[in-house]
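K.L.:
There's a structure below that I have some questions on.
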Amino acid sequence: MRIANLNGRAIAVRGTHEGLFGVDIAESSSGQFPPAAIDLTARIPEVVAWEASLKDSAFTIPITLPDLMTPIPNPAQIFAIGMNYADHATEVNIDLPEVPAVFTKFASSLSGPTGRVRMPSDQVDWEVELVAVIGAGGRNISRYEALEHIAGYMIGQDLSDRKLQFAGGTASQFSLGKSYEGFTPVGPWMTTADDISNPGNLTMTCSRQDQVLQSGTTKNLVFDLPYLVEHLSTVVELRPGDLIFTGTPDGVGFGRDPKEFLVAGDELVSTIEGLGELRQTFVASNPLADETNEMELEHA
Ligand code: ZN
């Protein structure tokens, strides 16, 4: 099933892009389930069984992607993994890490499946990633049981301001440089884990206008999701609703020769097989510097 966030409430979604319809989970279950998605993450099998019992006619709320907010707005922890695809590590000229390279994206940078992102510099880059949502949390979770701790999956964009990310030499500012406002779009909804038979075999793309920027598959992860869950949980307690950004394949702008970055007016489209798509539009940091574009977007 698909769980989206409409006005701060968890909504089950059915349908296709031609017609999406939702049902308010708390309301329709007469309070069996709470209204916030994060409070559902530890009870996914129960929620999925309830949703399966609903008829299509129960889904009466018409939905378009711009209506939706970030599916889990308040995770306790967001983990992101760097250099987790060999071809990506090579293109950015960084050695493959021997243990997962972990940083965070601060929660205030989370945003929904569509919207505008203001660029703080002329070095804003794209990174499409599979994002896993933790269901049942815990410490010292074995890799063999790890997937039982996943509530679901989303598409994520690990937007990165390379200017700040690599400022300061050896003490690179990964977490801060990837946490500007709107730099963590995820969604469009959480697809529950039962709908994804193998998270280690999903294709993904990232493109702008007609240019395909990234085309990869989670088959090529250096540290797969079970390993990441095991590794992280040896250090921290994973909690329901925590997000894990699993890393990006090759094709980022920083790794190109010459380097390429997002420019005002670009529409970035990110897809992962079975999970839907994200669409972000980019505007200049100084709206006066790009007034025409701003006006067009306002009236789009
Ligand atoms: Zn990343």
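K.L.:
State, to one decimal in nm, how far the label point of GLU27 lies from the label point of ASP39, with both points 7 Å from Cα in the Cβ direction.
P.N.:
The answer from the label model is 1.6 nm.
K.L.:
Per-residue ellipticity at 222 nm for the chain, helices alone: DSSP H runs ≥ 4 residues times -39500 (n - 2.57), over residue total, nearest 500 deg cm²/dmol?
P.N.:
Dividing the helical sum by the residues of the chain leaves -3500 deg cm²/dmol.
K.L.:
Read phi for every residue in the range 196-211 and hand back ³J(HN,Hα) as whole Hz from Karplus 6.51 cos²θ - 1.76 cosθ + 1.60, θ = phi - 60°, with x for Gly and Pro.
P.N.:
10, 5, 9, x, x, 8, 10, 8, 9, 9, 9, 9, 10, 6, 9, 8
K.L.:
Compare ASP67, ASP161, ASP95 in a GNM of the chain, Cα atoms joined below 10 Å, and give the one with the largest fluctuation.
P.N.:
Per the Cα network of the chain with a 10 Å cutoff, ASP95 tops the list.
K.L.:
Follow-up question, since we're still on this one. Roughly speaking, what is the stretch gain from GLU237 to LYS219, that is 0.36 nm per residue apart minus the C-alpha to C-alpha distance, in nm to one decimal?
P.N.:
3.8 nm
K.L.:
Can I ask one more? For the range 39-119, which trypsin sites (Lys or Arg not before Pro) pass both filters: DSSP loop (anything but H, G, I, E, B) and at most 16 other C-beta atoms within 10 Å?
P.N.:
LYS55
K.L.:
Highest first, please rank the peptides 240-247, 179-186 by the mean number of other Cβ atoms sitting within 10 Å of their residues.
P.N.:
The peptides rank, most packed first, as 240-247, 179-186.
K.L.:
State, to one decimal in nm, how far the label point of HIS17 lies from the label point of VAL263, with both points 7 Å from Cα in the Cβ direction.
P.N.:
Distance between label points: 2.5 nm.
K.L.:
Mean separation of Cα pairs under 8 Å and 6+ residues apart, divided by the residue count of the chain: what relative contact order is that in percent?
P.N.:
24 percent
K.L.:
Here is a follow-up. Once you have a ≥ b ≥ c as the square roots of the Cα gyration tensor eigenvalues for the range 113-173, tell me rounded if a/c is under 1.5, and otherwise prolate or oblate according to whether a/b is larger than b/c.
P.N.:
Since a/c reaches 1.5 but b/c is at least a/b, the shape of the range 113-173 is classed as oblate.
K.L.:
Find the centroid of the Cα atoms in the range 1-76 and in the range 89-142, then give the distance between the two in whole Å.
P.N.:
25 Å
K.L.:
Per-residue counts of other Cβ atoms within 10 Å, averaged by peptide: what ranking do you get for 222-235, 145-158, highest first?
P.N.:
Ranking the peptides 222-235, 145-158 by packing returns 145-158, 222-235.
K.L.:
Sticking with this structure for a sec: Let me know the volume per residue of the alpha-carbon convex hull for the chain, in Å³.
P.N.:
In the chain, the Cα hull volume divided by residue count equals 129 Å³.
K.L.:
How much length is gained on full extension from SER172 to THR60, taking 0.36 nm per residue of separation minus their Cα-Cα distance?
P.N.:
35.5 nm
K.L.:
Find the Rg to Rh ratio for the range 2-69, where Rh is the Kirkwood radius over alpha-carbon pairs and Rg uses the same atoms.
P.N.:
0.93
K.L.:
Order the peptides 10-22, 256-268 from the highest to the lowest mean number of other Cβ atoms within 10 Å of their residues.
P.N.:
With the highest mean Cβ count within 10 Å placed first, the list reads 10-22, 256-268.
Every number here is computed from the coordinates shown, using simple stated rules; none is lab data. Remember, predicted model here, so these are calculated numbers, not experimental data. We place every Cβ from the backbone using ideal geometry, glycine too, and count neighbours over all the protein chains shown.
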